[in-house]
Amino acid sequence: MLRMAGGEPDEGLPVWRLNQVLTIIQERVQKLSDDGRWAPLVWSTMHMHSTVQLSKLIAVKRGLNPEFAALVCAFHDIHTLHTGEWEDHGAKAGPYVDEIVKEYNHTWGKQLGTITDDEVDRIISAVTFHSDKLTVDSDPYAELLKDVDTLDAYLHGFEADEKSGRLTRRNRISSELGIEFE
C-alpha cells in the first residue's frame, strides 16, 4: 500500500466516475472503423488516454480536482473520436458529451455520484474552445486542457509553433513541470 508523506495510507485518486466514462467511450470506439478518418482510431484513443493521465498530474500540481480535469480531457476530442472529422470538433462535441454523461448517470450515477449539469456545462465550455491556444481562458480547467492538449500533441510528434500558440504553451507547461525541450 502506498503511504502519503505523513505516513497515512494513500487510497489513490478518487476517479471512479472517470473510469466508467472512459469505459463507455471505449465500448463505443470498438464499434467504429478507421474509414474516412484524419487519424486512426488507435491514435485518437491513445491521445485521449494520455491527455487524461497528464491532466491528473498537472491538476494535482495546480491544486485542481484531478478527476474533473481528466473528465474534461476525456471529452476534448470526442467529436473527432466518433466521426473522424477534425473541423470545428470542439464546438461539435456537446451532443456527444451529453449522451455519454446521460448513459453514465443512468448506469453509475447512484453508485459513484452523478456528473452534474454544472460539470457538463464546464466540460462543454472548455472543450468548445480548446483549439484556440492563443486565448487565455478564465476557467482553470479550460486552461489546463489547452496546456495538456498542447503538451501531449508535442509528445506525439506534432509541431509546437508560435503562430498557433502551441510553442508558448509548451514552453510554459514544461517550465512549470521543470523540464526543458530542445
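The values are calculated or read from the model by the stated rules, or taken from the named source; none is laboratory data. Keep in mind it's a predicted model, so treat the numbers as computed, not measured. Ideal geometry is used to build each Cβ from the backbone, glycine not excepted, and the neighbour counts take in all protein chains shown.
Return a yes/no flag: does segment 156-179 have any residue that is among the charged types (D, E, K, R), within 16 Å of residue 60 (Cα to Cα) and surrounded by fewer than 17 Cβ atoms within 10 Å (Cβ to Cβ). Among the residues of segment 156-179, at least one is among the charged types (D, E, K, R), within 16 Å of residue 60 (Cα to Cα) and surrounded by fewer than 17 Cβ atoms within 10 Å (Cβ to Cβ), which makes the answer yes.
Selection of segment 86-124 for residues being of a type in the set (Gly, Ala, Ser) and more than 30 Å from residue 40 (Cα to Cα) yields 109, 113. Filtered by the rule that a residue be under 21 Å from residue 133 (Cβ atoms) and either among the polar types (S, T, N, Q) or assigned to a loop (DSSP other than H, G, I, E, B) (or both), segment 81-90 gives 85, 86, 87, 88, 89, 90. Pairs meeting the criteria (first residue in segment 167-182 and over 18 Å from residue 55 (Cβ atoms), second residue assigned to a loop (DSSP other than H, G, I, E, B), beta carbons under 6 Å, at least 6 apart or on different chains) are 167/160; 167/161.
Among 70, 74, 59, which is hydrophobic (A, V, I, L, M, F, W, C) and either outside any helix (DSSP H, G or I) or farther than 14 Å from residue 119 by Cα (or both)? Walk me through it before giving the result.
Numbers: 70 fails: either outside any helix (DSSP H, G or I) or farther than 14 Å from residue 119 by Cα (or both); 74 fails: either outside any helix (DSSP H, G or I) or farther than 14 Å from residue 119 by Cα (or both).
That would be 59, the only listed residue that is hydrophobic (A, V, I, L, M, F, W, C) and either outside any helix (DSSP H, G or I) or farther than 14 Å from residue 119 by Cα (or both).
The selection criterion, being closer than 23 Å to residue 57 by Cα, more than 17 Å from the chain's Cα centre (by Cα) and touching a residue at least 12 places away in the same chain (Cβ under 8 Å), holds for residue 112. Answer yes or no: is there a residue in segment 29-42 that is assigned to a helix (DSSP H, G or I) and closer than 19 Å to residue 154 by Cα. Yes, there is a match, as at least one residue in segment 29-42 is assigned to a helix (DSSP H, G or I) and closer than 19 Å to residue 154 by Cα.
Test residue 144 against the criterion of being within 19 Å of residue 50 (Cα to Cα) and in a helix (DSSP H, G or I), and give yes or no. Spelling it out, residue 144 is indeed within 19 Å of residue 50 (Cα to Cα) and in a helix (DSSP H, G or I). Quick one: is residue 134 in a helix (DSSP H, G or I) and either aliphatic (A, V, I, L, M) or touching a residue at least 40 places away in the same chain (Cβ under 8 Å) (or both)? Here the answer is no, as residue 134 does not meet what is asked. Scanning segment 91-102 for residues that are crowded, with 17+ Cβ neighbours inside 10 Å and either part of a helix (DSSP H, G or I) or of a type in the set (D, E, K, R) (or both) gives 92, 94, 96, 97, 100, 101.
Consider segment 79-90 and keep the residues that are out of contact with any Gly (no Cβ under 6 Å at 6 or more places or on another chain) and surrounded by fewer than 20 Cβ atoms within 10 Å (Cβ to Cβ). The one that is nearest to residue 123 (Cα to Cα) is 88. The sole residue among 63, 36 that is on the phi > 0 side of the Ramachandran plot and free of Cβ contacts under 8 Å to residues at least 24 places away in the same chain is 63. Quick check on segment 50-67. Is at least one of its residues modelled with pLDDT of 95 or more, over 20 Å from residue 140 (Cα atoms) and out of contact with any Lys or Arg (no Cβ under 6 Å at 6 or more places or on another chain)? Among the residues of segment 50-67, not one is modelled with pLDDT of 95 or more, over 20 Å from residue 140 (Cα atoms) and out of contact with any Lys or Arg (no Cβ under 6 Å at 6 or more places or on another chain), which makes the answer no.
For (1) at pLDDT below 95; (2) over 18 Å from residue 89 (Cβ atoms), each residue gets a yes or a no:
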residue	(1), (2)
105	no, yes
114	no, yes
118	no, yes
128	no, no
142	no, no
162	yes, yes
174	yes, yes
182	yes, yes
